[in-house]
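The values are calculated or read from the model by the stated rules, or taken from the named source; none is laboratory data. Quick caveat: nothing in here was measured; it's all calculated off a predicted structure. Note that each Cβ is placed from the backbone with ideal geometry, even for glycine, and that neighbours are counted across all protein chains shown. Please note that ligands, DNA and RNA were not included when accessible areas were found on the heavy atoms of the full protein model with its side chains. Shrake-Rupley method; radii C 1.70, N 1.55, O 1.52, S 1.80 Å.
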Amino acid sequence: MGQLVVNGLALGSIYALVALGLLLIFNTVQIVNFAQGQLLMLGAFIGISCAVTHELPMAASWAITMAAMALVGVVFMTLVYFPLRGRPAFLVILTTIAMGIVLENLALIIWGPLPVSLPSPVSGPPLRFAGIVVSMHQLFIFATLAVILLLQFLFLTRTRFGILMQATAQDLHTARLVGIPVNRTIAVAFALGTVLSGIAGLLVAPIFLAEPTMGGSLGLKGFVVSVIGGFGNLPGAVIGGLFLGLIETFGARYISSNFRDAYAFIVMITVLIAWPRGLFGEKSSEKV
(Lines give C-alpha, C1' and ligand atoms only; values in the text may rest on other atoms or scores of the structure.)
Protein backbone atom coordinates (compact mmCIF):
# COMPACT_ATOMS: atom_id res chain seq x y z
CA MET A 1 0.00 0.00 0.00
CA GLY A 2 2.85 2.39 0.81
CA GLN A 3 4.22 1.94 -2.69
CA LEU A 4 0.84 2.83 -4.16
CA VAL A 5 0.80 6.02 -2.09
CA VAL A 6 4.22 7.09 -3.41
CA ASN A 7 3.27 6.30 -7.01
CA GLY A 8 -0.07 8.09 -6.61
CA LEU A 9 1.51 11.21 -5.13
CA ALA A 10 4.07 11.34 -7.95
CA LEU A 11 1.31 11.09 -10.56
CA GLY A 12 -0.79 13.64 -8.68
CA SER A 13 2.14 16.06 -8.61
CA ILE A 14 2.16 16.03 -12.43
CA TYR A 15 -1.56 16.81 -12.47
CA ALA A 16 -0.98 19.60 -9.96
CA LEU A 17 1.70 21.21 -12.16
CA VAL A 18 -0.63 21.19 -15.15
CA ALA A 19 -3.35 22.76 -13.01
CA LEU A 20 -1.01 25.46 -11.68
CA GLY A 21 -0.18 26.54 -15.22
CA LEU A 22 -3.83 26.47 -16.22
CA LEU A 23 -4.88 28.54 -13.20
CA LEU A 24 -2.11 31.09 -13.67
CA ILE A 25 -3.67 31.95 -17.02
CA PHE A 26 -7.25 31.65 -15.78
CA ASN A 27 -6.68 33.89 -12.77
CA THR A 28 -5.39 36.62 -15.08
CA VAL A 29 -7.82 36.55 -18.03
CA GLN A 30 -10.68 34.35 -16.72
CA ILE A 31 -10.26 31.95 -19.64
CA VAL A 32 -9.74 28.19 -19.37
CA ASN A 33 -6.97 27.07 -21.72
CA PHE A 34 -7.97 23.59 -22.89
CA ALA A 35 -4.75 23.31 -24.90
CA GLN A 36 -2.71 23.12 -21.70
CA GLY A 37 -2.19 19.39 -22.15
CA GLN A 38 -0.94 19.81 -25.72
CA LEU A 39 1.48 22.46 -24.48
CA LEU A 40 2.72 19.86 -21.98
CA MET A 41 3.25 17.46 -24.88
CA LEU A 42 5.13 20.13 -26.81
CA GLY A 43 7.44 20.76 -23.84
CA ALA A 44 8.19 17.04 -23.61
CA PHE A 45 9.10 16.81 -27.30
CA ILE A 46 11.26 19.95 -27.23
CA GLY A 47 13.13 18.43 -24.30
CA ILE A 48 13.52 15.16 -26.22
CA SER A 49 14.84 17.02 -29.27
CA CYS A 50 17.45 18.74 -27.12
CA ALA A 51 18.48 15.89 -24.82
CA VAL A 52 18.06 12.85 -27.11
CA THR A 53 18.29 14.04 -30.71
CA HIS A 54 21.01 16.67 -30.21
CA GLU A 55 22.49 15.04 -27.08
CA LEU A 56 22.69 18.27 -25.08
CA PRO A 57 23.25 18.14 -21.31
CA MET A 58 20.02 17.79 -19.33
CA ALA A 59 20.47 21.18 -17.64
CA ALA A 60 20.84 22.89 -21.02
CA SER A 61 17.91 20.91 -22.42
CA TRP A 62 15.67 22.02 -19.55
CA ALA A 63 16.77 25.66 -19.91
CA ILE A 64 16.18 25.67 -23.68
CA THR A 65 12.81 23.99 -23.25
CA MET A 66 11.61 26.50 -20.66
CA ALA A 67 12.78 29.44 -22.80
CA ALA A 68 11.09 27.95 -25.85
CA MET A 69 7.86 27.33 -23.94
CA ALA A 70 7.80 30.93 -22.69
CA LEU A 71 8.01 32.07 -26.32
CA VAL A 72 5.32 29.56 -27.31
CA GLY A 73 3.11 30.99 -24.56
CA VAL A 74 3.40 34.52 -25.93
CA VAL A 75 2.73 33.32 -29.48
CA PHE A 76 -0.24 31.29 -28.24
CA MET A 77 -1.65 34.38 -26.53
CA THR A 78 -1.16 36.46 -29.67
CA LEU A 79 -2.92 33.94 -31.89
CA VAL A 80 -5.66 32.73 -29.55
CA TYR A 81 -6.47 35.34 -26.91
CA PHE A 82 -5.78 38.80 -28.33
CA PRO A 83 -7.83 38.48 -31.55
CA LEU A 84 -10.88 37.39 -29.53
CA ARG A 85 -10.44 39.64 -26.51
CA GLY A 86 -13.76 41.13 -25.52
CA ARG A 87 -15.71 38.41 -27.32
CA PRO A 88 -17.76 35.79 -25.43
CA ALA A 89 -15.53 33.52 -23.36
CA PHE A 90 -16.79 30.36 -25.05
CA LEU A 91 -15.29 31.53 -28.37
CA VAL A 92 -11.83 31.80 -26.79
CA ILE A 93 -12.26 28.42 -25.10
CA LEU A 94 -13.26 26.79 -28.41
CA THR A 95 -10.23 28.39 -30.03
CA THR A 96 -7.92 26.90 -27.37
CA ILE A 97 -9.41 23.48 -28.13
CA ALA A 98 -8.80 24.02 -31.85
CA MET A 99 -5.24 25.15 -31.17
CA GLY A 100 -4.68 22.03 -29.11
CA ILE A 101 -5.69 19.92 -32.10
CA VAL A 102 -3.32 21.94 -34.31
CA LEU A 103 -0.42 21.42 -31.89
CA GLU A 104 -1.16 17.70 -31.69
CA ASN A 105 -1.05 17.33 -35.48
CA LEU A 106 2.07 19.48 -35.79
CA ALA A 107 3.80 17.21 -33.29
CA LEU A 108 2.67 14.20 -35.31
CA ILE A 109 4.19 15.71 -38.47
CA ILE A 110 7.47 16.82 -36.82
CA TRP A 111 8.20 13.97 -34.41
CA GLY A 112 6.09 11.14 -35.82
CA PRO A 113 3.59 8.83 -34.13
CA LEU A 114 6.03 6.55 -32.30
CA PRO A 115 6.44 6.95 -28.52
CA VAL A 116 9.79 8.37 -27.39
CA SER A 117 11.48 8.27 -24.00
CA LEU A 118 13.25 11.16 -22.24
CA PRO A 119 15.98 10.48 -19.68
CA SER A 120 15.41 11.71 -16.15
CA PRO A 121 17.41 14.80 -15.15
CA VAL A 122 18.50 13.03 -11.97
CA SER A 123 20.15 9.66 -11.46
CA GLY A 124 21.13 7.45 -8.58
CA PRO A 125 19.87 4.46 -6.66
CA PRO A 126 16.30 4.64 -5.35
CA LEU A 127 15.54 5.10 -1.68
CA ARG A 128 14.22 2.00 0.05
CA PHE A 129 12.49 1.84 3.39
CA ALA A 130 9.86 -0.47 4.86
CA GLY A 131 9.45 -2.21 1.52
CA ILE A 132 8.74 1.09 -0.29
CA VAL A 133 10.89 2.14 -3.25
CA VAL A 134 11.10 5.84 -4.11
CA SER A 135 13.03 6.58 -7.29
CA MET A 136 15.22 9.65 -7.60
CA HIS A 137 12.92 10.92 -10.35
CA GLN A 138 9.91 10.71 -8.04
CA LEU A 139 11.81 12.68 -5.39
CA PHE A 140 12.69 15.22 -8.07
CA ILE A 141 9.01 15.53 -9.01
CA PHE A 142 8.04 16.18 -5.37
CA ALA A 143 10.82 18.74 -4.95
CA THR A 144 9.94 20.49 -8.22
CA LEU A 145 6.28 20.83 -7.26
CA ALA A 146 7.18 22.21 -3.82
CA VAL A 147 9.65 24.74 -5.25
CA ILE A 148 7.27 25.89 -8.00
CA LEU A 149 4.37 26.30 -5.57
CA LEU A 150 6.58 28.36 -3.24
CA LEU A 151 7.99 30.50 -6.06
CA GLN A 152 4.54 31.06 -7.51
CA PHE A 153 3.20 32.15 -4.13
CA LEU A 154 6.13 34.54 -3.59
CA PHE A 155 5.82 35.89 -7.12
CA LEU A 156 2.11 36.63 -6.80
CA THR A 157 2.25 38.11 -3.28
CA ARG A 158 5.71 39.65 -2.88
CA THR A 159 6.65 41.05 -6.28
CA ARG A 160 5.31 44.14 -7.98
CA PHE A 161 4.53 42.29 -11.18
CA GLY A 162 2.69 39.56 -9.32
CA ILE A 163 0.52 42.14 -7.58
CA LEU A 164 -0.16 43.82 -10.92
CA MET A 165 -1.18 40.44 -12.30
CA GLN A 166 -3.69 39.96 -9.49
CA ALA A 167 -5.03 43.48 -10.03
CA THR A 168 -5.50 42.70 -13.71
CA ALA A 169 -7.36 39.54 -12.77
CA GLN A 170 -9.76 41.47 -10.53
CA ASP A 171 -10.80 44.00 -13.17
CA LEU A 172 -8.97 44.22 -16.48
CA HIS A 173 -10.57 47.50 -17.59
CA THR A 174 -9.95 49.28 -14.29
CA ALA A 175 -6.37 48.03 -14.29
CA ARG A 176 -5.85 49.58 -17.70
CA LEU A 177 -7.38 52.88 -16.54
CA VAL A 178 -5.00 53.18 -13.58
CA GLY A 179 -1.96 52.65 -15.78
CA ILE A 180 -1.19 48.97 -15.29
CA PRO A 181 0.51 47.50 -18.40
CA VAL A 182 -2.28 45.02 -19.01
CA ASN A 183 -0.95 43.52 -22.23
CA ARG A 184 2.46 42.88 -20.72
CA THR A 185 0.88 41.38 -17.60
CA ILE A 186 -1.24 39.01 -19.65
CA ALA A 187 1.78 38.05 -21.77
CA VAL A 188 3.74 37.14 -18.64
CA ALA A 189 0.82 35.06 -17.35
CA PHE A 190 0.63 33.09 -20.62
CA ALA A 191 4.40 32.67 -20.73
CA LEU A 192 4.64 31.42 -17.15
CA GLY A 193 1.58 29.18 -17.48
CA THR A 194 3.04 27.62 -20.61
CA VAL A 195 6.44 27.15 -18.94
CA LEU A 196 4.74 25.23 -16.11
CA SER A 197 3.12 22.94 -18.67
CA GLY A 198 6.50 22.42 -20.30
CA ILE A 199 8.03 21.49 -16.95
CA ALA A 200 5.21 19.01 -16.38
CA GLY A 201 5.99 17.52 -19.80
CA LEU A 202 9.67 17.17 -18.94
CA LEU A 203 8.74 15.42 -15.70
CA VAL A 204 6.16 13.04 -17.14
CA ALA A 205 8.14 11.96 -20.23
CA PRO A 206 10.67 9.85 -18.25
CA ILE A 207 7.75 7.99 -16.60
CA PHE A 208 5.43 7.55 -19.59
CA LEU A 209 6.67 7.55 -23.16
CA ALA A 210 6.03 10.85 -24.95
CA GLU A 211 3.68 10.75 -27.93
CA PRO A 212 1.66 13.42 -29.78
CA THR A 213 -1.65 12.37 -28.21
CA MET A 214 -0.40 12.31 -24.60
CA GLY A 215 -1.56 15.84 -23.84
CA GLY A 216 -5.31 15.38 -24.17
CA SER A 217 -5.77 13.19 -21.11
CA LEU A 218 -3.24 15.07 -18.96
CA GLY A 219 -4.77 18.43 -19.85
CA LEU A 220 -8.23 17.22 -18.86
CA LYS A 221 -6.84 15.86 -15.59
CA GLY A 222 -5.34 19.31 -14.88
CA PHE A 223 -8.76 20.87 -15.44
CA VAL A 224 -10.44 18.25 -13.24
CA VAL A 225 -8.11 18.81 -10.30
CA SER A 226 -8.61 22.56 -10.65
CA VAL A 227 -12.34 22.03 -10.32
CA ILE A 228 -11.91 19.62 -7.41
CA GLY A 229 -9.68 22.04 -5.50
CA GLY A 230 -11.89 25.06 -6.20
CA PHE A 231 -11.28 26.82 -9.49
CA GLY A 232 -8.76 29.63 -9.05
CA ASN A 233 -7.35 28.29 -5.77
CA LEU A 234 -3.68 27.33 -6.25
CA PRO A 235 -3.18 25.30 -3.03
CA GLY A 236 -6.53 23.65 -3.71
CA ALA A 237 -5.31 22.60 -7.16
CA VAL A 238 -2.21 20.98 -5.64
CA ILE A 239 -4.27 19.12 -3.04
CA GLY A 240 -6.77 18.13 -5.73
CA GLY A 241 -3.96 16.83 -7.94
CA LEU A 242 -2.44 14.72 -5.18
CA PHE A 243 -5.88 13.44 -4.21
CA LEU A 244 -6.72 12.45 -7.79
CA GLY A 245 -3.36 10.75 -8.24
CA LEU A 246 -4.05 8.60 -5.20
CA ILE A 247 -7.61 7.79 -6.31
CA GLU A 248 -6.44 6.73 -9.77
CA THR A 249 -3.58 4.61 -8.46
CA PHE A 250 -5.65 2.82 -5.83
CA GLY A 251 -8.59 2.48 -8.21
CA ALA A 252 -6.39 0.91 -10.89
CA ARG A 253 -4.94 -1.49 -8.33
CA TYR A 254 -8.06 -2.58 -6.46
CA ILE A 255 -10.92 -1.98 -8.92
CA SER A 256 -9.82 -1.94 -12.56
CA SER A 257 -7.17 -0.17 -14.61
CA ASN A 258 -9.56 -0.08 -17.56
CA PHE A 259 -11.49 2.76 -15.91
CA ARG A 260 -8.43 4.76 -14.85
CA ASP A 261 -9.38 7.85 -16.83
CA ALA A 262 -13.00 7.62 -15.70
CA TYR A 263 -12.07 7.90 -12.03
CA ALA A 264 -11.15 11.56 -12.49
CA PHE A 265 -14.61 12.53 -13.72
CA ILE A 266 -16.38 10.36 -11.16
CA VAL A 267 -14.45 12.13 -8.40
CA MET A 268 -15.12 15.56 -9.95
CA ILE A 269 -18.88 14.94 -10.19
CA THR A 270 -18.97 13.60 -6.63
CA VAL A 271 -17.07 16.61 -5.27
CA LEU A 272 -19.28 19.08 -7.16
CA ILE A 273 -22.43 17.44 -5.80
CA ALA A 274 -21.13 17.74 -2.23
CA TRP A 275 -19.21 21.03 -2.65
CA PRO A 276 -20.44 22.96 -5.73
CA ARG A 277 -17.50 25.40 -5.55
CA GLY A 278 -14.89 22.66 -5.05
CA LEU A 279 -13.12 21.66 -1.86
CA PHE A 280 -11.52 25.07 -1.31
CA GLY A 281 -13.62 27.32 -3.52
CA GLU A 282 -14.87 30.69 -2.35
CA LYS A 283 -18.11 32.50 -2.95
CA SER A 284 -17.74 35.33 -5.41
CA SER A 285 -18.55 37.85 -2.68
CA GLU A 286 -15.75 36.46 -0.53
CA LYS A 287 -12.98 36.96 -3.12
CA VAL A 288 -10.78 39.93 -2.51
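Where does the chain land at 222 nm, in deg cm²/dmol rounded to the nearest 500, when only DSSP H runs of n ≥ 4 count, each adding -39500 (n - 2.57), divided by all residues? Before the final figure, lay out the partial values.
Details: 11 runs with 198 residues, N = 288.
That comes out to -23500 deg cm²/dmol.
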Per q in 0.11 Å⁻¹, report the Debye log10 I(q)/I(0) for the stretch 68-186, using one uniform scatterer on each alpha carbon and no solvent.
-0.67
Ranked output for segments 157-163, 120-126 by mean other Cβ atoms within 10 Å, highest leading, reads 120-126, 157-163
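How big is the dipole moment of the chain about its Cα centre under a simple scheme where the beta carbon of each Lys and Arg is +1, that of each Asp and Glu is -1, and everything else is neutral? Debye, nearest 20, please. The partial results should precede the final answer.
Values: 13 positive and 8 negative charges, 112 e Å.
With only Lys, Arg, Asp and Glu charged at Cβ, the dipole is about 540 debye.
Find the relative contact order for the stretch 232-286 and round it to a whole percent, using C-alpha pairs within less than 8 Å whose residues are 6+ positions apart. Show your work: numbers first, answer last.
Numbers: 23 pairs, mean separation 20.3, N = 55.
Taking the mean separation of contacting Cα pairs over the length of the stretch 232-286, I get 37 percent.
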Placing +1 on each Lys and Arg Cβ and -1 on each Asp and Glu Cβ in the chain, then taking the dipole about the Cα centre, the residue among 274, 63, 244 whose Cα reaches farthest towards the positive end is 274
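Just the projected area, averaged over all directions, of the convex hull on the alpha carbon atoms of the stretch 170-288: how many nm²?
On the way: hull surface 37.6 nm².
For the Cα atoms of the stretch 170-288, the hull's average projected area reads 9.4 nm².
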Does the stretch 1-53 come out rounded, prolate or oblate by the C-alpha gyration tensor, with a ≥ b ≥ c the root eigenvalues, rounded set by a/c under 1.5 and, if not, prolate when a/b is larger than b/c and oblate if not?
oblate
What percentage of the solvent-accessible surface of the chain, computed with a 1.4 Å probe over protein heavy atoms, is contributed by carbon and sulfur atoms?
70 percent
Give or take rounding to whole Å, what are the principal axis extents of the alpha carbon atoms in the stretch 27-130, in descending order?
53, 38, 23
With the dipole of the chain defined by +1 on each Lys or Arg Cβ and -1 on each Asp or Glu Cβ, the option from 193, 170, 17 whose Cα lies farthest towards the positive pole is 170
Between residue 277 and residues 5 or more places away or on another chain, the pairs with built amide H atoms under 5 Å apart involve none
Can you send over the solvent-accessible area of residue 173, 1.4 Å probe, protein chains only, in Å² to the nearest 10?
130 Å²
Going by the alpha-carbon gyration tensor, a ≥ b ≥ c the square roots of its eigenvalues, is the stretch 94-146 rounded (a/c under 1.5) or, if a/c is not under 1.5, prolate (a/b greater than b/c) versus oblate?
prolate
Be a star and scan the stretch 206-239 for residues whose amide nitrogen sits under 13 Å from the point 7 Å along the Cα-to-Cβ vector of residue 259.
none
Accessible surface, per residue, of the chain when the full set of protein chains is kept, probe 1.4 Å, Å²:
47 Å²
J(HN,Hα) series, the stretch 121-128, from Karplus relation 6.51 cos²θ - 1.76 cosθ + 1.60, nearest Hz, glycine and proline x:
x, 10, 9, x, x, x, 7, 10
³J(HN,Hα) computed for each position of the stretch 140-149 - Karplus, 6.51 cos²θ - 1.76 cosθ + 1.60, integer Hz, glycine/proline x:
5, 4, 4, 5, 5, 4, 5, 5, 5, 4
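Using the alpha carbons of the stretch 57-113, what is the convex hull volume per residue in cubic angstrom, as a whole number? Before the final figure, lay out the partial values.
Numbers: hull volume 5.1 nm³, N = 57.
Given the Cα convex hull of the stretch 57-113, per-residue volume reads 89 Å³.
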Counting only Cα, what are the radius of gyration and maximum Cα-Cα distance Dmax of the stretch 117-233, in Å?
18.1, 60
For the chain, what is the per residue volume of the convex hull drawn over the alpha-carbon atoms, in cubic angstrom?
140 Å³
Report, in whole Å, the centroid distance computed from the Cα atoms of the stretch 114-193 and the stretch 1-69.
10 Å
